[in-house]
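The structure under discussion appears below in the form of structure tokens.
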Amino acid sequence: MAKERIGIMGGTFNPIHCGHIRMALTAREKAGLDRVLVVPTGNPPHKKHIAPAEDRWRMVCAACAQEECLTPSRIELDRQGVIYTVDTLTLLHQEHPKAELFYIIGADTLMELHNWRRYEEVLHMCTFLVCPRPWDVTPAALVEQRRTLEALGGRFITLEMEPMDVSSTDIRQALDNDQPTALLPVPVREYCAVRGLYGMDSRIPHAEGWLDRLFADLSVKRFAHTLAVAHTARHLAVLHHADAYRAEVAALLHDCAKCLPLKEMQRIARDNALTGDEDILASGALLHSVTGAHLASSVYGVEDPSVLQAILRHTTGSPGMTALDMIVYLADKIEPTRDSYPLLEKVRMLAQLSLTRAMIASMEGTAGHVKKGGKALHPQTLQTLEWLHTLDANS
Ligand code: ATP
């Protein structure tokens with residue numbers, strides 16, 4: 001059997017950015033890796049202004065959630081004291097004795113390799129996959145460094161890829177100055193804004209506790225989705241002159257009950273007399289909005305009825321939906337990490353122009369999808385669609 005080929009991308013990830021993700025995906029493709037471990041460092045002694053390790057970890061998880069082949073690893077975070085790459089590679093060789101290890105680095109890191117602790121041993125423990133970086137390391141200096149390290153037994157493969165002009169330092173500066181950060185994955189951008197990292201003021205007073213709880217209660221994919229929905233809801237609210245704070249809060253909590261087992265959702269619904277609707281009680285896909293609104297109030301302490309209503313209405317919709325309800329409903333469907341949903345691109349486009357029309361397109365898409373799957377659409381969705389058509393006709 002062929003040896004498993006495991007890539008390792010270590011870094012401070014302060015924060016993780018699109019350059020890191022591109023490096024890992026390119027390395028996987030070009031070097032035929034089975035998977036890539038993304039390994040955030042604990043508390044690197046040489047770097048200052050570092051976000052707390054658990055925040056960096058969550059951002060790494062959220063950024064990798066979309067890519068099956070990227071596996072965040074806590075191997076360095078969970079060790080006491082300072083840990084060096086030589087220790088990490090030793091542990092990984094013990095854990096995967098039959099695997100071949102590939103360490104993914106940028107060209108700037110190649111120039112620093114001789115400063116790594118016990119680097120001569122490291123050179124024999126893995127093959128380095130080197131990604132170009134558009135910085136002021138001259139090609140001649142790179143070749144020379146590589147030759148020197150090869151003479152000591154090092155193995156290097158330069159990956160062919162377009163260099164990406166991005167660094168965590170640039171991203172931190174952009175966030176601090178409230179500038180656009182196109183090369184930051186949307187869930188990571190939202191995490192920084194909600195948590196108040198890198199000089200940003202947290203937009204939500206209880207965000208720290210909320211993020212702790214959401215990260216613990218949701219799957220990583222759901223957590224990343226939640227952040228992307230919050231980002232999109234805020235954007236839609238600004239665009240349509242609605243309350244951006246409320247939209248962001250409702251979106252952040254809209255799926256807070258989603259990863260509970262159905263039985264637990266049903267227990268919460270029963271104990272608190274939340275609904276008598278048998279169709280809703282029978283389906284986690286519908287019931288999580290009802291239990292979610294309840295938990296947003298009882299656990300997260302949200303008192304604003306308009307926020308709770310938006311959470312409650314984000315699955316079936318409801319006649320009389322407010323702009324805030326529609327924004328949360330739509331943000332859930334069109335957030336940028338979603339790559340498939342009925343009529344996704346049409347709804348995305350319409351959401352920029354008209355909430356009502358986007359709602360109609362989205363609900364009709366869902367209706368068609370549900371029908372195709374041989375299931376019945378909840379009557380409330382049908383009533384909502386009728387109401388939306390009337391609203392649109394009268395506007
Ligand atoms: P900082 O700006 O804080 O120094 P960074 O962007 O270099 O951060 P790190 O977490 O320190 O990010 O980097 C982890 C690894 O990813 C390093 O080997 C680094 O060289 C590499 N790397 C980061 N960004 C890029 C990029 N845009 N192109 C190629 N390699 C990169």
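The values are calculated or read from the model by the stated rules, or taken from the named source; none is laboratory data. Just so it is clear, the model here is predicted, and its values are computed rather than measured. All Cβ positions, glycine included, derive from the backbone under ideal geometry; neighbour counts span all protein chains shown. The protein model used for the area step is the full one, side chains on, heavy atoms only, and it has no ligands, DNA or RNA in it. Shrake-Rupley method; radii C 1.70, N 1.55, O 1.52, S 1.80 Å.
Of the accessible area of segment 5-168, computed with a 1.4 Å probe over protein heavy atoms only, carbon and sulfur atoms account for 50 percent. Computed over the chain, relative contact order equals 12 percent, with contacts defined as Cα pairs under 8 Å that lie 6+ residues apart. Mean residue ellipticity, 222 nm, helices only, the chain: the sum of -39500 (n - 2.57) across DSSP H runs of n ≥ 4, divided by residue count and rounded to 500, is -16000 deg cm²/dmol. Just the number, please: carbon plus sulfur as a percent of the accessible area of segment 228-299, 1.4 Å probe, no ligands or DNA/RNA counted. C and S atoms contribute 53 percent here.
For 100, 144, 76, the ranking by accessible surface with the largest value first comes to 144, 100, 76, using a 1.4 Å probe. Peptides 292-298, 123-129, 244-250 ranked from most to least packed, by the mean per-residue count of other Cβ atoms within 10 Å: 244-250, 292-298, 123-129.
The residues of the chain expose, per residue, 47 Å² of accessible area to a 1.4 Å probe. Expressed to the nearest 5 percent, the antiparallel share of DSSP beta bridges inside segment 74-159 is 0 percent.
Summing charges over neighbours of residue 117, with a neighbour being any other residue whose Cβ is under 15 Å away from its Cβ, gives -3 when K and R count +1 and D and E count -1. Here the convex hull built on the C-alpha positions of segment 221-367 has a volume of 104 cubic angstrom per residue. When the alpha carbon gyration tensor of segment 86-185 is reduced to an equivalent ellipsoid, its three semi-axes come out at 28, 18, 12 angstrom, largest first. With the whole protein complex present, residue 18 retains an accessible surface near 40 Å², based on a 1.4 Å probe. Cα gyration tensor of segment 5-168, axes a ≥ b ≥ c as square roots of the eigenvalues: rounded (a/c below 1.5), prolate (a/b > b/c) or oblate? Since a/c stays below 1.5, the shape of segment 5-168 is classed as rounded.
Between the helical axis of 18-30 and the longest alpha-carbon principal axis of the chain there is an angle of about 70 degrees.
When nucleic acids and ligands are ignored and a 1.4 Å probe is applied, residue 332 ends up with an accessible area of around 10 Å².
For residue 333, the lysines whose Cα comes closer than 29 Å to its Cα, not counting residues fewer than 8 places off in the same chain, are 221, 258, 263, 346, 371, 372, 375.
The accessible-area ordering, largest first, of the residues 135, 210 stands as 135, 210, per a 1.4 angstrom probe. Ranking 90, 21, 43 by how far each Cα lies toward the positive end of the dipole of segment 21-122 (charges on Cβ) leaves 43 at the top. Bin width 10 Å, origin at 0, all Cα-Cα pairs of the chain: what percent of pairs per bin? Once binned at 10 Å, the Cα pair distances of the chain give 5, 21, 27, 21, 15, 9, 3, 0. Heavy-atom accessible area with a 1.4 Å probe sorts 84, 198, 329, largest first, into 84, 198, 329.
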